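The values are calculated or read from the model by the stated rules, or taken from the named source; none is laboratory data. Because the structure is predicted, anything quoted here is derived from the model rather than measured. Positions of Cβ are generated from backbone atoms using ideal geometry, with glycine treated the same way; all protein chains shown enter the neighbour counts. Protein only, heavy atoms only, side chains kept; ligands, DNA and RNA dropped before computing areas. Shrake-Rupley method; radii C 1.70, N 1.55, O 1.52, S 1.80 Å.
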Amino acid sequence: MTKSLLIAIISLTLVQLVQAQTPHQTKNVQYRMSLKQFKAKYKTPLTAKDTLNFVYVNNDTMVIVKDYVRKPGASVPYQYKDSTFLDVYKTIAFNHYKDSVSKKTTMKYWKDDIAIFFSNAVDKKVKKEFMAFAEKTLQHVDSLSIKEVKHVEDSNYVVYYNDGFEYESRISNYKKSDYYMHWNNKNQIYRLSLRLIKEDFFTPNLRLRELKKYFIKSLGHFEFNRNIDNKHFFSGSHDNDYQLSDFDTEILKYHYSYGICKGTNLETFEDNHKKAKELLKNKQILLTFYHEFE
């Protein structure tokens, strides 16, 4: 991903409302935030004229932010999905199938392209077929790609077996295959190590299947949902030999879409979609996310 790509910096509590227009009209862009947030951020008292422009969304009063100055960036149309899709997506991206999951749980994603390094112990056949799978998978994700590098210092993703050099000390004592990832304060993944316990997967095909499973999970710190059809990769079922279905690719495309707020927590994600559905009832409004350039 180049530095000119976008990152999400606002939630739907500060939204861009674009009034529908004829070819001869000028686009009218307004920025709004909740009344509570407005009072906390600005000391200027609201006037009677201001109250005439209030918009009410899910019991929130939305206030126009006058003279709002935004940094260079681009607007991306909000990507609508129905509640059935979103409910499944939340179980995968936020581990939301557990009642105990915190509303502060965040979605993780890769900001930069993946530069992958394989240790010498990784079978050549496994490496070749894994890269073919990874490249094919990321064809569905416009903002992310993968390449193999020859030197570990050039990588941000390391794949190795337990019978060689330990690249990540924090998983060296694990008794099972696993990965360890690092992310920044924007929930952008920037480094990952994936270790496979070779004795548990004694053929190249079994190793390949396991690496494919962890690769997909590592694209967003995803969790499998055992309640969806086992023909889907995200069901975690071995029956499909971990092949991506159309639904699986839809999940990945949505996760990396800039038509949603990136790196948000579950509470904000749910709140965003509630507000979006209310705003979209007004056919004269187009809802977009504004993403700053880095």
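Considering region 123-156 alone, what residues qualify as being of a type outside the set (D, E, K, R) and in contact with a helix residue (DSSP H, G or I) (Cβ under 8 Å, 6 or more places away or on another chain)?
Listed by number, the residues that qualify are V126, F130, F133, A134, T137, H140, V141, L144, S145, I146.
Out of the residues in region 234-267 that are hydroxyl-bearing (S, T, Y) and either open to solvent by 40 Å² or more (accessible area, probe 1.4 Å) or free of Cβ contacts under 8 Å to residues at least 12 places away in the same chain (or both), state the one that is farthest from T84 (Cα to Cα).
S237
Which one of these is crowded, with 18+ Cβ neighbours inside 10 Å and at pLDDT 95 or above: F118, F94?
F118
How many residues does region 136-167 contain that are modelled with pLDDT under 90 and of a type in the set (D, E, K, R)?
Residues that pass the stated criteria total 3.
Give the residues of region 192-225 that are open to solvent by less than 50 Å² (accessible area, probe 1.4 Å) and either farther than 25 Å from Q243 by Cβ or assigned to a loop (DSSP other than H, G, I, E, B) (or both), sorted by residue number.
Matches in region 192-225: S193, I197, F201, T203, L219, G220, F222, F224, N225.
Enumerate the strands (runs of 3 or more DSSP E) found wholly within region 90-191, keeping only those where 1 or more residues are of a type in the set (D, E, K, R).
Result: 146-148, 178-183.
For region 173-191, how many residues meet the condition of being over 16 Å from the mean Cα position of the chain (by Cα) and either open to solvent by 30 Å² or more (accessible area, probe 1.4 Å) or of a type in the set (S, T, N, Q) (or both)?
Within region 173-191, residues that are over 16 Å from the mean Cα position of the chain (by Cα) and either open to solvent by 30 Å² or more (accessible area, probe 1.4 Å) or of a type in the set (S, T, N, Q) (or both) number 7.
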